[in-house]
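A short worksheet on the structure shown next.
Derivation of every value follows stated rules applied to the coordinates shown; laboratory data play no part. Predicted model, so just to flag it, every value in this text is computed and none were measured. Neighbour counts run over all protein chains shown; Cβ positions are idealised from the backbone, glycine included.
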Amino acid sequence: MNAFFKTSGLALVLASPALLSGCMQGGSLPEPTHRLHPVKVAESVERLELYARPNGLELSQRDEFAVSAFLEGYAAQGSGPIYINRPASATHTQGIQQTDALIDRLMSRNGIRLSSAQSGTYYSRPGDPAPVVISYRILRAVSQDCASLSDLTVTHTNGVTPEFGCFASANLAAMITDPRQLIEPYAMQAPNAQRRQVVYDRYIEGTSTASERPDGQKQSSQESGG
C-alpha cells in the first residue's frame with residue numbers, strides 16, 4: 001500500500017508542470033478594439049419628395065418647417081451638391097414653379113447658395129402624381145453589428161469573445177458629429193506663442209500663471225456653505 005501511494009504521489013508531481021504549461025499557452029493579447037471593430041465612414045442619401053398639384057403648391061406651416069429642416073441638415077452635414085429633380089411632364093405647371101420658389105427661399109434662409117443645387121428632370125407620364133425630389137449625400141460614422149454570435153459560457157480558452165469592444169465602437173460612432181474627421185483630421189492651428197511667453201515669464205517670477213478671474217466667479221467653501 002505504501003508503494004502504491006508513493007507512486008501515485010510521484011505521478012501527480014510529474015503531471016503538475018504539464019498542467020501549468022497548458023494554462024500558460026495562448027497568452028497572447030487580443031487586438032485593440034479599434035482594430036477588432038473599427039468605425040467606418042459610409043455614404044447615404046437623404047431624400048425628400050414634394051408633391052404639387054398642377055394649379056399650385058399647398059403646404060401647411062408644419063410641412064414647410066419639415067422642408068426647412070431637411071435643407072438645414074444639408075447645410076450642416078451635406079456632402080457635395082444638392083440635387084433637385086422635377087417631373088418632365090409638369091415642369092411648366094404652376095405647382096412646380098411654386099415649389100421651385102419655395103426651395104429657393106428656404107435655401108437662402110438656411111445660408112445655402114443657389115449655385116450648390118444641380119437641377120434635372122425624370123420621366124413621368126402626364127396626369128400621374130409625380131413629386132419634386134430633393135436629395136443630397138451625407139457621410140455617417142457606422143460600426144459593425146454587435147449581435148452576439150458566440151456562446152459566453154464557453155470560457156475554457158480564457159480569451160475574449162468575438163464581440164469584445166463592439167459596443168464601445170458603436171458608442172464612439174454615435175458621438176462623432178463630423179465623420180469627415182475620420183477621413184482627414186482638422187488642420188492644426190499655430191500655438192499662441194504670446195500667451196505661452198506670458199505664462200513662462202510668470203513662472204520665472206514665481207507668480208501665479210492662471211488667468212485673473214472676475215470677482216463674481218470667486219467663491220470660498222465658507223461662502224457656499226461647504
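Some observations on this one:
- Theoretical gain in end-to-end length, Y122 to N55 [0.36 nm per residue, Cα-Cα removed]: 22.1 nm
- Here each label is just a point 7 Å from Cα along the line to Cβ, and for R113 and A88 those points are 3.1 nm apart.
- Total formal charge among the other residues, if their Cβ is under 13 angstrom from that of R195, Lys/Arg +1 and Asp/Glu -1: +1
- Net charge over other residues, Cβ less than 12 angstrom from the Cβ of R140 (K, R count +1; D, E count -1): 0
- Working from label points 7 Å from Cα in the Cα-to-Cβ sense, the A66 to E31 distance is 4.3 nm.
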